[in-house]
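K.L.:
Dropping the structure in here first, questions after.
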Amino acid sequence: TRAKDYAALLQGNQLALSFMTVAELFQWSAIHKWSEPRIKQLEQTLSNYLVIPVDIELCRSWGNLRAEMQIIGRPISVQDAWIAATALLYNLPLVTHNVKDFSRIPGLEVRTSP
């Protein structure tokens, strides 16, 4: 898995996930018809992370980001906007393997495996 590639980058840090990342993981598990034990394993893994929920402030951040990206002619998907808006609002670096979609967002610190 890619987890090993990111171990050094994440070590010693408080790890947080956007609610949208968690939702996408459960969508993936449903599409691929994971067994209940495997879903429970995912839930156990997720318990090691701070899951950042949606609130009014995050909704505003999301709306502003989507508008800004649309205005500059670089629209962003709904899902990626939630993830990026979460990182921007809480001033967190975004650790991702999907650098292409996130590196174009002004003010977002994107980190990836070496």
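K.L.:
If you check GLU68, GLU43, which single one turns out to be of a type in the set (D, E, K, R), part of a helix (DSSP H, G or I), at pLDDT 95 or above and within 24 Å of ASP5 (Cα to Cα)?
P.N.:
GLU43
K.L.:
Answer yes if at least one residue in the stretch 79-87 is in contact with a Phe, Trp or Tyr (Cβ under 7 Å, 6 or more places away or on another chain) and in a loop (DSSP other than H, G, I, E, B), and no otherwise.
P.N.:
No: the stretch 79-87 contains no residue that is in contact with a Phe, Trp or Tyr (Cβ under 7 Å, 6 or more places away or on another chain) and in a loop (DSSP other than H, G, I, E, B).
K.L.:
Looking only at the stretch 52-69, which residues are among the β-branched types (Val, Ile, Thr), out of contact with any Ser or Thr (no Cβ under 8 Å at 6 or more places or on another chain) and surrounded by 10 or more Cβ atoms within 10 Å (Cβ to Cβ)? I'd like the intermediate steps shown before the answer.
P.N.:
Keep residues of the stretch 52-69 that are among the β-branched types (Val, Ile, Thr), which gives 52, 54, 56.
Narrowing further to those that are out of contact with any Ser or Thr (no Cβ under 8 Å at 6 or more places or on another chain): 54, 56.
Answer for the stretch 52-69, where residues must be among the β-branched types (Val, Ile, Thr), out of contact with any Ser or Thr (no Cβ under 8 Å at 6 or more places or on another chain) and surrounded by 10 or more Cβ atoms within 10 Å (Cβ to Cβ): just VAL54.
K.L.:
Determine whether LEU42 is without any contact (Cβ under 8 Å) to a residue 24 or more places away in the chain, of a type outside the set (Val, Ile, Thr) and within 20 Å of TRP82 (Cβ to Cβ). Reasoning before the result, please.
P.N.:
Numbers: without any contact (Cβ under 8 Å) to a residue 24 or more places away in the chain: yes; of a type outside the set (Val, Ile, Thr): yes; within 20 Å of TRP82 (Cβ to Cβ): yes.
Considered against the rule, which asks whether it is without any contact (Cβ under 8 Å) to a residue 24 or more places away in the chain, of a type outside the set (Val, Ile, Thr) and within 20 Å of TRP82 (Cβ to Cβ), LEU42 comes out as yes.
K.L.:
Assess whether ALA85 counts as being of a type in the set (A, V, I, L, M, F, W, C) and at pLDDT 95 or above.
P.N.:
yes
K.L.:
Follow-up. Is it the case that some residue within the stretch 22-38 is in a helix (DSSP H, G or I), surrounded by 10 or more Cβ atoms within 10 Å (Cβ to Cβ), without any contact (Cβ under 8 Å) to a residue 40 or more places away in the chain and of a type in the set (Phe, Trp, Tyr)?
P.N.:
yes
K.L.:
Looking at the stretch 48-77, which of its residues are free of Cβ contacts under 8 Å to residues at least 12 places away in the same chain, more than 13 Å from PHE19 (Cβ to Cβ) and not polar (S, T, N, Q)?
P.N.:
ILE56, ARG60, GLY63, ALA67, ILE71, ILE72, GLY73, PRO75
The values are calculated or read from the model by the stated rules, or taken from the named source; none is laboratory data. Please read these numbers as outputs of a predicted model, since none were measured by experiment. Here the Cβ is made from the backbone with ideal geometry for all residues, glycine too, and neighbour counts use every protein chain on show.
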